[in-house]
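S.K.: Encoded as structure tokens, here's the structure I'll be asking about.
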Amino acid sequence: MELEYIKIYLLLGGNIGEREKYLNDAVALIKERVGIVFAQSSFYQTAAWGKENQPDFLNQAIGVETNLSAIEVLKAILKIESDLGRIRKEKWGERVIDIDLIFYGDQIIDLKDVLQVPHPFLHQRKFVLMPLQEIAPHYIHPQLKVSVSELLDNLKDDLEVLKV
């Protein structure tokens, strides 16, 4: 049985190499392997978060309609990261590409060390909320029951995030 199409939101980012090219290449592969990209935010330059002594990130949020399950989406985006040359060395370290599943429809998924959706820290991170707010300001967080715009308005994160 084929799944119905569901709207998901992904956050893409990278901070080494040709950042814009990696984001564009990731979007092209997402279109091939995950689904129909119906929204793309601008690029946002962000200081590194978590491990700060590294180059700035370029981030972008995208909306995708997919008929893949959440686990299938996870597998596809991990393969795209790998195909684009991502090597996982350290948590929050430098990377050519990072793709996070932020929302999977209005579903709440908690598979401990495998997949948590909505992304467990999205409401604390300006670099996630600013691009997401550009393409989905009224999207309601399924656990917190507030919109992306409201999350951004109430955010305490003072990290510099600049629209490019």
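The values are calculated or read from the model by the stated rules, or taken from the named source; none is laboratory data. None of the values given here were measured: they were computed from a predicted structure. So basically every Cβ, Gly included, is an ideal-geometry build from the backbone, and we count neighbours across all protein chains shown.
S.K.: Would you mind stating whether GLU134 is modelled with pLDDT of 90 or more, within 16 Å of the chain's Cα centre (by Cα) and not hydroxyl-bearing (Ser, Thr, Tyr)?
M.R.: On the way: modelled with pLDDT of 90 or more: yes; within 16 Å of the chain's Cα centre (by Cα): yes; not hydroxyl-bearing (Ser, Thr, Tyr): yes.
In short, yes.
S.K.: Mind telling me which of the residues SER69, SER149 ends up being of a type in the set (Ser, Thr, Tyr) and in contact with a helix residue (DSSP H, G or I) (Cβ under 9 Å, 6 or more places away or on another chain)? Break it down into steps so the answer makes sense when it comes.
M.R.: Values: SER69 fails: in contact with a helix residue (DSSP H, G or I) (Cβ under 9 Å, 6 or more places away or on another chain).
Residue meeting the stated conditions: SER149.
S.K.: Let me ask another. Only residues that are polar (S, T, N, Q) and surrounded by 14 or more Cβ atoms within 10 Å (Cβ to Cβ): list them for segment 95-123, please.
M.R.: Our first condition is that a residue be polar (S, T, N, Q); within segment 95-123, this holds for 107, 116.
GLN116, the sole residue that qualifies.
Each row is one residue, and each column tells you yes or no for (1) modelled with pLDDT of 90 or more; (2) more than 17 Å from MET130 (Cβ to Cβ); (3) out of contact with any Ser or Thr (no Cβ under 9 Å at 6 or more places or on another chain).
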| residue | (1), (2), (3) |
| --- | --- |
| GLN60 | yes, no, no |
| GLU72 | yes, yes, no |
| LEU78 | yes, yes, yes |
| ARG86 | no, yes, yes |
| GLY93 | no, yes, yes |
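S.K.: Restricting attention to segment 1-25, report how many residues are within 23 Å of VAL148 (Cβ to Cβ), small (Gly, Ala, Ser) and out of contact with any helix residue (DSSP H, G or I) (no Cβ under 6 Å at 6 or more places or on another chain).
M.R.: Of the residues in that region, 1 qualify.
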